[in-house]
Ligand code: FE
């Protein structure tokens, strides 16, 4: 019996070519990634090692150069994906599977990065002080009728720069500057805190309207202390006049230094599969983007929207100008 088991094991070992591990640098939290790496390993036998980095992912890859152990990076926001690409730490990857799973607006045309999920940047509005239909466009947020009623985080944060960049592509520099100045003029307080801190301010009666990413609703609802903040607001999905709602992505890229390209490619393809997108989207209350995939019941209950038609690469290209205009109007001042 023992002998037979040994022989069998040896035969199996000999028949299976050695599979390398995939090494990942992730800006995304370990608990978000764990269900995905587990499912991938169960399916392929390839192990995934994840190093979670709070910040400095691109700097680290640059410093490590060819010696970097990372094959794959996982991060959020087109700004960070574009930053990685611009820094030369990614390499192009295009496969039929990737192209079938990820709509063209959500990947680099040359394959330097691939979107996995989206989040919309929308309005959180006081249930008490506003009603459905009050805020329908981003443009309207600069209307003086909202004076003293809006709270936002710093205008230089990547989430705000993403929105301002989209505004810039739609309207040009001059109108964007006017919009930023108008929005600043409507603020109830100097920009401070994160997206959730603005909802807390609405709950506390400091303001009536804020801007935030959709998934923070899910995070607040799951937190006993923050649930009351979430319950005090309604999610409104504004659009750019004549277009859609501003979205950003979480994404994945193959590193330039990747040693285990075949295994990493399998992992990246797996991440973009409808199955993995739905697991990933549900874990962080985001939207899967593969054709035919569905958001979780909770996320779907917030309402549906039409995403803006701009390609994210265009938005990324407007970041520097958006930052310059934000500083010119002294948005945080
Ligand atoms: Fe966030």
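The values are calculated or read from the model by the stated rules, or taken from the named source; none is laboratory data. Because the structure is a prediction, the values reported are computed rather than measured. Cβ atoms come from the backbone with ideal geometry, glycine included; neighbour counts cover every protein chain shown.
Suppose we filter region 33-88 for residues that are in contact with a strand residue (DSSP E or B) (Cβ under 8 Å, 6 or more places away or on another chain), over 29 Å from residue 18 (Cβ atoms) and in a loop (DSSP other than H, G, I, E, B); how many remain? The qualifying residues number 1. The numbered conditions (1) within 16 Å of the ligand (Cβ to nearest atom); (2) out of contact with any strand residue (DSSP E or B) (no Cβ under 6 Å at 6 or more places or on another chain); (3) in contact (Cβ under 8 Å) with a residue 40 or more places away in the chain are all true for residue 230 except (3). Counted as qualifying within region 234-333 are the helices (runs of 4 or more DSSP H) with 1 or more residues that are over 30 Å from residue 20 (Cβ atoms) and within 19 Å of the chain's Cα centre (by Cα), namely 297-300, 312-317, 319-328. Residue 188 falls short on exactly one of the conditions (1) out of contact with any helix residue (DSSP H, G or I) (no Cβ under 7 Å at 6 or more places or on another chain); (2) surrounded by fewer than 18 Cβ atoms within 10 Å (Cβ to Cβ); (3) in contact (Cβ under 8 Å) with a residue 40 or more places away in the chain, and that condition is (2). Reported count of residues in region 274-283, each being farther than 17 Å from residue 105 by Cα and either in contact with a strand residue (DSSP E or B) (Cβ under 6 Å, 6 or more places away or on another chain) or crowded, with 23+ Cβ neighbours inside 10 Å (or both), is 4. Of the residues making up region 54-82, those that are surrounded by fewer than 19 Cβ atoms within 10 Å (Cβ to Cβ) and within 16 Å of the ligand (Cβ to nearest atom) are 54, 55.
Looking only at residues that are away from the ligand (no atom under 16 Å from the Cβ) and part of a strand (DSSP E or B) in region 105-122, which one is nearest to residue 278 (Cα to Cα)? Write out each step before concluding.
Step one: list which residues in region 105-122 are away from the ligand (no atom under 16 Å from the Cβ), which gives 105-114.
From what's left, part of a strand (DSSP E or B): 107, 114.
Numbers: 107: 18, 114: 16 Å.
It comes out as 114.
Within region 295-333, being surrounded by 15 or more Cβ atoms within 10 Å (Cβ to Cβ) and over 18 Å from residue 246 (Cβ atoms) holds for 296, 329, 332. Residue-level analysis places residue 167 outside the set of residues that are within 16 Å of the ligand (Cβ to nearest atom), assigned by TED's automatic domain parsing to the domain that holds residue 320 and either assigned to a helix (DSSP H, G or I) or at pLDDT 95 or above (or both).
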